[in-house]
Each structure stands twice: as structure tokens, then as C-alpha cells.
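The values are calculated or read from the model by the stated rules, or taken from the named source; none is laboratory data. Everything numeric in this text was worked out from a predicted model, so none of it was measured. Glycine also receives a Cβ, built like all others from the backbone with ideal geometry; neighbour counts cover every protein chain displayed. Heavy atoms of the whole protein, side chains included, go into the accessibility calculation; ligands, DNA and RNA do not. Shrake-Rupley method; radii C 1.70, N 1.55, O 1.52, S 1.80 Å.
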Amino acid sequence: MEKPLVSVIIPFYSGIDWLREALNSVQKQTYKNIEVLVINDGSKENISCINKIYDLNIKIINKENGGPASARNLGIEKASGKYIAFLDSDDLWLPDKLSVQIREMESKKYVWSQHSYEMFWQNKSKTKLVNTKIYSGDVYRECFISFKVQTSCVVVLRSILMEDNIRFPIEKRYGQDMFFFKQIAKKYPLGYIEGVYSRFRIRGTNAGFRAKVQIDHKADIWNEIKSDKETLKILPKPIIIAYKITSLLNKVVYAVNKKIIKSEKKIEIFSKFIYLIPYTIFKLHSKK
């Protein structure tokens, strides 16, 4: 029986050497029925030759710069596959990723799934394994507390994205992937694929490691859910308190950054200090 077509969506803005590494990892996949959509998000780097370098069905789609959310959305629209697999241009897949993940999704009828991954630090020997086995089934609640699933680990049935009009939010500067996950999780259980099948590159500027970004992101979430009785009902009271505190802290950071501390480095140190209490609350209530 013919294996279903998988559309691999790779947003690209900069770092052609990393893009080549990502495409190398796609070419090494033991699963072969794939199309690769490289969404050139207004990059100044010339990537026009990459579809001639690899033994892959690569389509380069050029667009004006709009950020990774808009690039992924365009990829979703242009994809032809039954499944959509996301791969960031600085991340890597291990060779059996799609073979195992698609087999499990087909046999267990998962509409979306994820697997564990390895973090690796650029120009360092440091690595860290992140086991995401705890995130399966109904994960909607966890999306508001702690959800360590990486976009490059996710494969989703394209039909549900089209039917339910699920897309990445282009208006948000941070947390686009989490908003995307929440839309799916609200309706569909998440499947876990046993094993480690991707490597997530840490470059030192990743938003998930910056306190100021986390404060801004959590405040944004609070603005979305503070009037949503259905969502508030499933969240622990300490988590709701942590969101309220973070919303206030976001205003403090903004005021201090505007009037007192202009240095980005110093405002990050200040943000880490004042974010300690809500961070601890989120940490204590996250799945272990």
C-alpha cells in the first residue's frame, strides 16, 4: 500500500548553512514520500539553488517578510500532503523520524503527534534530552501551564487545519507555536511517539530562555483568557494568580524599560528577578 504524502514545511529567513543541515536531515529520512516547502520569508540570502542540490521534491515559495507564523501558514495553504510536518531551518531530524511517526499516526489514528527531542547548543558540546512522553491525550490544560513540545517534533493531519481553520497567529510576536497548539488541543487528543527523533538548536537568543519575553507572552495569554470562563475553570487557582501577577509585572517592565533601564541586558536581569515568583508557580504545577 502506498504511503501517504507528507508535506515538510520549513520557514526560512537567515542562516543558509543551517538550512542546508536541516535539508540534509530531510534527505536522510527513511520515509521517502515527501514534498518539501521552503518558505523564503523575505530573506536577503540566495537560496534559489537548493532544489538542485538535494534529491528531494523541493518547492521554494517566496514571500515578503512577515515572520515564521505567516510563513508556516502559507506552507499549510500550499501543501499537498495528507500530513504536515514542521521543521525549523535551524533544527534537525533523525533518519527514522517520519517513518516511525507516520506509521504510528496511521495505525493509531492520531490527528497530531509529537516525540521527544535533544537540545544542542551552537558551538558547544553541551546537549540535553527533553522527554515529552508526559504530553499525550488531552493536553489543553498543559498548554497554559508548561508545554515543552517543540514545533519541529509535530506532525498534523492537514485536513483538520483546513476544516477547523487552524493557523499560526501572525499578529503575535512570540508564542505563535503555543497558540497553534492550543487551537488543536482544544478539539483533539495528542499522540506521543516513543523515542527521540529531532535535535533542537540553542543559539543563545531563543525566546524561551528570556524572562522579558516570557513575561510578555504570559501577559498576552492572560489578556486572552481572563474572560474565558471555560478555560479558567480547568486551571489551578495558583496558575491564575501567577498569570495575574505576570500581567502586572509586564506593565512594570515596560515602564522601567521606557523610563529607567535602557540597556537590553540590564532589563533582562531585572525581568528575571521580578519573574521569579510566577515562574516558580508555573514550575511547581507543571507535569514532571
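Roll a 1.4 Å probe over the protein chains and send me the accessible area per residue for the chain in Å².
Result: 51 Å² per residue.
Among 201, 167, 210, determine the one that fluctuates most according to a GNM of the chain built with springs between C-alpha atoms less than 10 Å apart.
Of 201, 167, 210, the most mobile in the Gaussian network model is 210.
Take the Cα radius of gyration of the stretch 105-213 and divide it by 2.2 N^0.38 Å, with N its residue count; two decimals is plenty.
Rounded to two decimals, the normalised Rg is 1.11.
Per residue of the chain, what 222 nm ellipticity follows from adding -39500 (n - 2.57) for every DSSP H run with n ≥ 4, rounded to the nearest 500?
Roughly -12500 deg cm²/dmol at 222 nm, from the helical runs in the chain.
Taking R0 as 51 Å, what FRET efficiency do you get between residue 141 and residue 262 from their Cβ-Cβ distance, rounded to the nearest 0.05?
0.85
Nearest 20 debye, what's the magnitude of the dipole of the chain about its Cα centre given +1 on Lys and Arg Cβ and -1 on Asp and Glu Cβ?
Dipole of the chain, to the nearest 20 debye: 1140 debye.
Give me the number: length gained by fully extending residue 30 to residue 283, i.e. 0.36 nm times residue separation minus the C-alpha to C-alpha distance, one decimal in nm.
On the way: separation 253, 0.36 × 253 = 91.08 nm, distance 3.77 nm.
Between residue 30 and residue 283, full extension yields an extra 87.3 nm.
Could you work out the relative contact order of the stretch 134-221, using alpha carbon pairs under 8 angstrom and six or more residues apart, expressed as a whole percent?
38
Would you work out the Kirkwood radius for the stretch 132-177? I mean one over the mean of 1/r across all pairs of different Cα atoms, in Å.
12.4
Residue farthest toward the positive end of the dipole of the chain, with Cβ of Lys/Arg at +1 and Asp/Glu at -1: which of 50, 119, 189?
Among 50, 119, 189, the one farthest towards the positive end of the dipole of the chain is 119.
Over all directions, how big on average is the projection of the convex hull of the alpha-carbon atoms in the stretch 82-168, in square nanometres?
That works out to 6.9 nm², a quarter of the Cα hull's surface.
Please list the helices of the chain that count as membrane-span-like by this rule: a mean Kyte-Doolittle hydropathy of at least 0.0 together with Cα atoms stretching 18 Å or more along the helix axis, each helix being a complete DSSP H run.
Span-like helices here: 237-259.
Probe radius 1.4 Å, ligands and nucleic acids ignored: give me the carbon and sulfur share of the accessible area of the stretch 104-238 as a rounded percent. Provide the component values of the computation, followed by the final result.
Numbers: 3150 of 6570 Å².
Accessible surface attributable to carbon and sulfur in the stretch 104-238 totals 48 percent.
Taking a cut-off of 16 Å between Cα atoms, list the aspartates and glutamates near residue 44, but don't count ones fewer than 8 places away on the same chain.
Partners within reach: 17, 64.
So, in nm, how far is label residue 226 from label residue 106 when the simple model puts each one 7 Å beyond its Cα toward the Cβ?
4.9
So, R0 is 30 Å and r is the distance between the beta-carbons of residue 123 and residue 174; what FRET efficiency does that work out to, to 0.05?
It comes to 0.75.
Only Lys, Arg, Asp and Glu count, each charged at its Cβ (+1, +1, -1, -1), so figure out the dipole size of the stretch 1-143 about its Cα centre, rounded to 20 debye.
Magnitude of the dipole: close to 220 debye.
Percent antiparallel among DSSP beta bridges with both residues in the chain, to the nearest 5?
Numbers: 12 of 37 bridges.
DSSP beta bridges in the chain are roughly 30 percent antiparallel.
Averaging sequence separations of C-alpha pairs under 8 Å and six or more residues apart, then dividing by the length of the chain, give the relative contact order as a whole percent.
Averaging sequence separation for qualifying contacts and normalising by length gives 18 percent for the chain.
Taking 20 Å as the cut-off for C-alpha to C-alpha distance, list the pairs among 148/218; 244/265; 182/229 that go past it.
Correct reply: 244/265.
If you plug each phi of the stretch 230-236 into the Karplus form 6.51 cos²θ - 1.76 cosθ + 1.60 with θ = phi - 60°, what whole-Hz ³J(HN,Hα) values come out, in order, with x for Gly and Pro?
Computed from phi, the couplings for the stretch 230-236 are 5, 6, 4, 5, 8, 8, x Hz.
Can I get the semi-axes of the stretch 152-223's equivalent ellipsoid? Compute them from the C-alpha gyration tensor as square roots of 5 times the eigenvalues, in angstrom, largest first.
For the stretch 152-223, the ellipsoid semi-axes come out as 23, 19, 11 Å.
Give me the distance between the Cα centres of the stretch 54-92 and the stretch 211-259, rounded to whole Å.
Here the two parts' Cα centres lie 32 Å apart.
Just flag the trypsin sites (Lys or Arg not before Pro) in the stretch 14-86 sitting in loop per DSSP whose Cβ has no more than 11 other Cβ atoms within 10 Å.
44
Looking at (1) 0.96; (2) 1.02; (3) 1.11, which value of Cα Rg over 2.2 N^0.38 Å comes from a calculation on the structure shown?
Among (1) 0.96; (2) 1.02; (3) 1.11, the one calculated here is (2).
Need one number: convex hull volume per residue for the stretch 166-288, Cα atoms only, in Å³.
In the stretch 166-288, the Cα convex hull volume per residue is 146 Å³.
Could you please tell me the mean projected area of the C-alpha convex hull for the stretch 1-158, averaged over all directions and given in square nanometres to one decimal?
10.1
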